[in-house]
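Structure record follows, encoded as structure tokens.
The values are calculated or read from the model by the stated rules, or taken from the named source; none is laboratory data. Note that the structure is a prediction, hence the values are computed from the model and not measured. A quick note on method: Cβ atoms are made from the backbone with ideal geometry, for glycine too, and the neighbour counts reach across all protein chains shown. Protein only, heavy atoms only, side chains kept; ligands, DNA and RNA dropped before computing areas. Shrake-Rupley method; radii C 1.70, N 1.55, O 1.52, S 1.80 Å.
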Amino acid sequence: MKSSSIEKIGVITTQEAILESENLHAWIQDGDKMPSWDGDILYNPNNSDSKEGLLKISIQVKTKTVNNFNPTITSYKYPVSIVDLENYFNNYGVIYFLTIVDKNDKKVRSLFYNCLTPMKINRFLKDSSQQKTKTIQFKKFPTQKEKMDALFLNFYRDTQKQASFTNHFNQIDIQKFDEIKFSSLLLFEAKPTN
């Protein structure tokens, strides 16, 4: 298969999965050449055509072909570029989609994902000094509407909370922040009263 056809399978698989929820709308560029991102998912909590209350979530879509793919597996490891991880960190995270396709039968495929929040990305970056990629575990994307909606809404809320301090700290500072937070917990531990 040509690489453009492989990429298209990933985009179509992601779009089809998102269609299961009336609250989610995929905006994915086919043949996109934008670095690090492939589009956005809009979450509409009102389940309507209204623009009111829309939440925008950046996504990346990748596709990989493998021999004799078993579509019943529930997780998959895949290398993600360190440069992309740094870009996602600086822009408050991304939901990273990965479609695995059987080389001999393109209908045999599964969609996986990882919600890469700034805190999670920071941990990956700390563990990857001098590497060009970081191999990350992806989970199978849910097929139930309620689980999909919760996944996107929770990711949005988590990234908003984490963005409040990632604006002011770089990756190394966040490590120091974690250490300070931990030591503060030890210093200010409540003591029992007699």
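Descriptive notes on the structure:
- Working note: Karplus 6.51/-1.76/1.60 with θ = phi - 60° gives segment 14-21 the couplings 5, 4, 4, 5, 5, 4, 5, 10 Hz, where Gly and Pro are set to x.
- Residues with amide H under 5 Å from that of THR63, placed H, sequence gap 5 or more: THR99
- The label-point distance for ASN90 and ASP49, in a model that sets each label 7 Å from Cα toward Cβ, rounds to 4.0 nm.
- Full extension of the chain between LYS140 and THR72 gives 23.5 nm of extra length, using 0.36 nm per residue less the Cα-Cα distance.
- In order along segment 80-97, phi translates into HN-Hα couplings of 10, 4, 4, 4, 4, 4, 5, 4, 5, 4, 6, 10, 6, x, 7, 9, 9, 9 Hz, rounded to whole numbers, per the Karplus curve 6.51 cos²θ - 1.76 cosθ + 1.60 with θ = phi - 60° and x for Gly and Pro.
- Cα gyration tensor category, rounded, prolate or oblate, for segment 7-152 with a/c compared to 1.5: oblate
- Solvent-accessible area of segment 1-62 (1.4 angstrom probe, protein heavy atoms only): carbon and sulfur portion equals 51 percent.
- By the Kirkwood approach, averaging reciprocal distances over each pair of separate Cα atoms, segment 1-56 gets a hydrodynamic radius of 12.4 Å.
- With all protein chains kept in place, the per residue accessible area of segment 1-152 amounts to 54 square angstrom at a probe of 1.4 angstrom.
- Each Cα pair under 8 Å and six or more residues apart adds its separation to the average, and for segment 54-106 the resulting relative contact order is 66 percent.
- At an R0 of 30 angstrom, the distance between the Cβ atoms of GLN15 and LYS103 translates into a FRET efficiency of 0.85.
- 3J(HN,Hα) along segment 51-60, derived from phi through the Karplus expression 6.51 cos²θ - 1.76 cosθ + 1.60 where θ = phi - 60°, amounts to 7, 5, x, 5, 10, 9, 10, 6, 9, 10 Hz, with x in place of Gly and Pro.
- Under 5 Å, built H, 5+ apart or other chain: amide partners of ILE136: TYR78, VAL80
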